[in-house]
1. Would you mind telling me which numbered condition in (1) touching a residue at least 24 places away in the same chain (Cβ under 8 Å); (2) over 21 Å from Leu118 (Cα atoms) Thr40 fails?
2. Quick one: how many residues across segment 12-35 are touching a residue at least 40 places away in the same chain (Cβ under 8 Å), within 11 Å of the ligand (Cβ to nearest atom) and either in a strand (DSSP E or B) or out of contact with any strand residue (DSSP E or B) (no Cβ under 9 Å at 6 or more places or on another chain) (or both)?
3. Answer yes or no as to whether Ala52 is part of a helix (DSSP H, G or I) and away from the ligand (no atom under 12 Å from the Cβ).
4. Looking only at segment 36-49, which residues are among the polar types (S, T, N, Q) and within 13 Å of the ligand (Cβ to nearest atom)?
5. Output the residues belonging to segment 39-53 that are surrounded by 11 or more Cβ atoms within 10 Å (Cβ to Cβ) and either within 18 Å of Ser129 (Cβ to Cβ) or of a type in the set (Val, Ile, Thr) (or both).
6. Considering only residues that are polar (S, T, N, Q), crowded, with 16+ Cβ neighbours inside 10 Å and either within 12 Å of the ligand (Cβ to nearest atom) or on the phi > 0 side of the Ramachandran plot (or both), which ones fall in segment 84-114?
7. Taking segment 37-60 as the search range and keeping residues that are out of contact with any helix residue (DSSP H, G or I) (no Cβ under 6 Å at 6 or more places or on another chain) and among the hydroxyl-bearing types (Ser, Thr, Tyr), which one is modelled with the lowest pLDDT?
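The values are calculated or read from the model by the stated rules, or taken from the named source; none is laboratory data. Because the structure is predicted, anything quoted here is derived from the model rather than measured. All Cβ positions, glycine included, derive from the backbone under ideal geometry; neighbour counts span all protein chains shown.
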Amino acid sequence: MKIAVFPGSFDPITLGHVDIVERALPLFDKIVVALGRNATKNYMFPEAQRLAWLEETFKGESKISIAQYTGLTTKFCSELGAQFILRGLRNPADFEFEKAIAQTNRKLKGDLETVFLLTSSGLSAISSSIVRDVIRNNGDYQQFVPKAVHQL
Ligand code: ADP
């Protein structure tokens, strides 16, 4: 059974995240969308809210489950028996950042592969941080997020 973990903050989940997960579905038997708790990050939305949005967005898909974890992503993958980490790439900055994390993760757990999917054209400008800015300033953020997040 091929299990992938898609880790992130999802503060909030965007159409960019949804696209990566849906396109990865044919590659894996199971995808665990996992909300990681990072002590150094200040989140805009509470964890329970971010988890509820993930549950609602992916509720119709039996291959997808939602989880929350604290600590190293590699350790969480071991606990789940996941062999893959799934990440999205939007631009060169993502590449450099993701490369360092993926190489470190492989040092920590040699049999764990990170699989990258390129962002779909049209979605590459979407990031949770920009969406948060749009929300703070009362802009039309709905076009960037799945239905579950339309009502704040
Ligand atoms: P993190 O806090 O770990 O960066 P995010 O929730 O911001 O978590 O992102 C999780 C993953 O989704 C990352 O791999 C990120 O590159 C990817 N991602 C975010 N937005 C997009 C997008 N528009 N297109 C493709 N991948 C994306």
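1. (1)
2. Matching residues across segment 12-35 total 5.
3. For Ala52, the condition - part of a helix (DSSP H, G or I) and away from the ligand (no atom under 12 Å from the Cβ) - is met.
4. Residues satisfying the conditions are Asn38, Thr40, Asn42.
5. Tyr43, Met44, Phe45, Glu47, Gln49, Arg50, Trp53
6. Thr114
7. So the first thing to find is which residues in segment 37-60 are out of contact with any helix residue (DSSP H, G or I) (no Cβ under 6 Å at 6 or more places or on another chain), and the list is 37-43, 45-52, 54-55, 58-60.
With among the hydroxyl-bearing types (Ser, Thr, Tyr) added as a condition, the list becomes 40, 43.
Details: Thr40: 84, Tyr43: 96.
Among them, the one singled out is Thr40.
For every residue, the table says whether it meets (1) in a loop (DSSP other than H, G, I, E, B); (2) more than 22 Å from Pro12 (Cα to Cα); (3) in contact (Cβ under 8 Å) with a residue 24 or more places away in the chain; (4) out of contact with any His (no Cβ under 8 Å at 6 or more places or on another chain).
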site	(1), (2), (3), (4)
Met44	yes, no, yes, yes
Ile66	no, no, yes, yes
Tyr69	no, no, yes, yes
Glu79	no, yes, no, yes
Gly88	no, no, yes, no
Ser129	no, no, no, yes
Gly139	yes, no, no, yes
